[in-house]
């Protein structure tokens, strides 16, 4: 593989290591700064000469306080963050076009980046011949403030439009790195999975990907409406003491401070994609049920103890979400809670498992469903625990923290998960990676692959708890 690659916008020079060639910090859109702040992304600007692509670009503006974000005091941060990274096999594929996977990171739409070491695409590239793309997108207020009914741009959900712009870059330029633009899978976790649930029904994303993997994120049971987003925007303008025209001049530090305050007050649901009628033309699950994305196969699932992570590291978020659900359900909350072993299990189903099952039930294309049960001594089978297995990164320090120290005994499971995900990225079928035969999901039997130290297929796991959500 050549280290200097001509993209059509300019030449990038990367590096090779561990059997993969890597190009970092490639801009896929114009910097969303100044008058472009809070607006949909614009096409990337070409450059002359050779661009150094050996270092990651700046991460999106966010707080630095969460250990899960991967952002330290030394991490470069900027509004000029719309860049991506490409990993390709170091050994050329004899002219054959290679399958592509595009990763959308999680982080509750307020933290994280595509350049976290945990998301190194080296193993997918070197071990499986998959061209891997990871990306940054705008977060928090900069990514989700809606101004369409207040004189701003009518297209909302800038963070999702950033992701569409990255997918368009892949369509136009990934061939220079050996990838096949007609064989693209998208994959995301948490907010990344929730993003994909929206990308499935967005007109702007149609045709840019051909299969999808959603991990612990499949949208919201009740997504915010355009009216909700406009009300939030009015409150934001009042808090900043400005109007729409003045937003471009508000120091980013003030935006970030307000964003932190809103997250503390509203919990992890403070920022989420909303149905604006333009970017997202309707309620996503209804559009899926109507067959909008019937041509896109899905692999999706959740972890057995999703909410335990938030219980331990974000107890305020747990209290805020439980209080909101109690107010929403009233007298029905008690009987619902009684169906669960703990409130933590109930909240995990609310945010992750029930939306995932409803998406699986509504979708018309083939679906495969998993539940990840590999447990940590501290966190159980909590949110994000599957990530080191999917990426074959058990030696990563964050993986060791989540999994409780020595991860070497878990490597055989990681091999199976990683290889199975790779098979799905390539073919749309999760076969040949070492996991048990994984049947397709249907609403009659709800067959689900349980990923654990001993893997198995179960019919409708957690049926009693699923039933309490009927009609809600």
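Taken over the stretch 96-115, the residue count meeting the criterion of being more than 13 Å from the chain's Cα centre (by Cα) and without any contact (Cβ under 8 Å) to a residue 60 or more places away in the chain is 1.
If you go through the stretch 437-460 and keep only what is surrounded by 17 or more Cβ atoms within 10 Å (Cβ to Cβ) and in contact (Cβ under 8 Å) with a residue 60 or more places away in the chain, you end up with 438, 441, 446, 447, 448, 449, 450, 451. The residues listed here are 434, 405; of these, the one that is over 18 Å from residue 367 (Cβ atoms) and exposed (fewer than 13 other Cβ atoms within 10 Å of the Cβ) is 405. Of the listed requirements (1) surrounded by 21 or more Cβ atoms within 10 Å (Cβ to Cβ); (2) within 22 Å of residue 205 (Cβ to Cβ), residue 24 misses just one: (2).
Scanning the stretch 290-310 for residues that are touching a helix residue (DSSP H, G or I) at 6+ places or on another chain (Cβ under 9 Å), surrounded by 19 or more Cβ atoms within 10 Å (Cβ to Cβ) and within 24 Å of residue 442 (Cβ to Cβ) turns up 292, 293, 297, 298, 299, 300, 301, 302, 303, 304, 306.
Residue 277: closer than 29 Å to residue 373 by Cα and touching a helix residue (DSSP H, G or I) at 6+ places or on another chain (Cβ under 7 Å), yes or no? Full working, then the answer.
Working: closer than 29 Å to residue 373 by Cα: no; touching a helix residue (DSSP H, G or I) at 6+ places or on another chain (Cβ under 7 Å): yes.
Spelling it out, it is not the case that residue 277 is closer than 29 Å to residue 373 by Cα and touching a helix residue (DSSP H, G or I) at 6+ places or on another chain (Cβ under 7 Å).
Which count do you get for residues in the stretch 377-400 that are farther than 20 Å from residue 103 by Cβ and either surrounded by 19 or more Cβ atoms within 10 Å (Cβ to Cβ) or in contact with a strand residue (DSSP E or B) (Cβ under 9 Å, 6 or more places away or on another chain) (or both)?
Of the residues in the stretch 377-400, the ones farther than 20 Å from residue 103 by Cβ are 377-382, 400.
Subset that is either surrounded by 19 or more Cβ atoms within 10 Å (Cβ to Cβ) or in contact with a strand residue (DSSP E or B) (Cβ under 9 Å, 6 or more places away or on another chain) (or both): 379-382.
Count: 4.
In the condition set (1) assigned to a loop (DSSP other than H, G, I, E, B); (2) at pLDDT 95 or above; (3) out of contact with any helix residue (DSSP H, G or I) (no Cβ under 8 Å at 6 or more places or on another chain), residue 405 is compliant with all but (2).
Here are some conditions: (1) in a loop (DSSP other than H, G, I, E, B); (2) on the phi > 0 side of the Ramachandran plot. Residue 267 meets all but one. Which one does it not meet? Of the numbered conditions (1) in a loop (DSSP other than H, G, I, E, B); (2) on the phi > 0 side of the Ramachandran plot, the odd one out for residue 267 is (1).
Matching residues to (1) in a helix (DSSP H, G or I); (2) loosely packed, with under 15 Cβ neighbours inside 10 Å:
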{"site": "279", "(1), (2)": "no, no"}
{"site": "285", "(1), (2)": "yes, no"}
{"site": "312", "(1), (2)": "yes, yes"}
{"site": "318", "(1), (2)": "yes, no"}
{"site": "322", "(1), (2)": "yes, no"}
{"site": "327", "(1), (2)": "yes, yes"}
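Determine if the stretch 174-187 includes at least one residue that is in a loop (DSSP other than H, G, I, E, B), under 30 Å from residue 360 (Cβ atoms) and in contact (Cβ under 8 Å) with a residue 12 or more places away in the chain. No, the stretch 174-187 contains no residue that is in a loop (DSSP other than H, G, I, E, B), under 30 Å from residue 360 (Cβ atoms) and in contact (Cβ under 8 Å) with a residue 12 or more places away in the chain. The set of residues in the stretch 179-216 being out of contact with any helix residue (DSSP H, G or I) (no Cβ under 7 Å at 6 or more places or on another chain) and either surrounded by fewer than 22 Cβ atoms within 10 Å (Cβ to Cβ) or at pLDDT below 95 (or both) consists of 180, 182, 183, 203, 206, 207, 210. Among the residues of the stretch 217-229, those identified as in contact (Cβ under 8 Å) with a residue 24 or more places away in the chain and either surrounded by 19 or more Cβ atoms within 10 Å (Cβ to Cβ) or assigned to a loop (DSSP other than H, G, I, E, B) (or both) are 217, 218, 219, 220, 221, 223, 224, 229. In the stretch 42-67, the qualifying residues are those that are under 18 Å from residue 120 (Cα atoms) and more than 22 Å from the chain's Cα centre (by Cα), and the one that is surrounded by the most Cβ atoms within 10 Å (Cβ to Cβ) is 53. Give me a count of the residues in the stretch 416-466 that are farther than 20 Å from residue 296 by Cα and in a helix (DSSP H, G or I). Result for the stretch 416-466: 8.
The single condition among (1) more than 20 Å from residue 40 (Cβ to Cβ); (2) under 17 Å from the mean Cα position of the chain (by Cα) that residue 294 does not meet is (2). Being over 18 Å from the mean Cα position of the chain (by Cα) and in a helix (DSSP H, G or I) is a condition met by at least one residue of the stretch 385-397. Here residue 262 passes the criteria (1) in a helix (DSSP H, G or I); (2) more than 30 Å from residue 451 (Cα to Cα); (3) touching a helix residue (DSSP H, G or I) at 6+ places or on another chain (Cβ under 7 Å) except the one numbered (3).
The values are calculated or read from the model by the stated rules, or taken from the named source; none is laboratory data. These numbers were taken from a predicted model, which means no experiment stands behind them. Note that we place each Cβ from the backbone using ideal geometry, even for glycine, and neighbour counts take in every protein chain shown.
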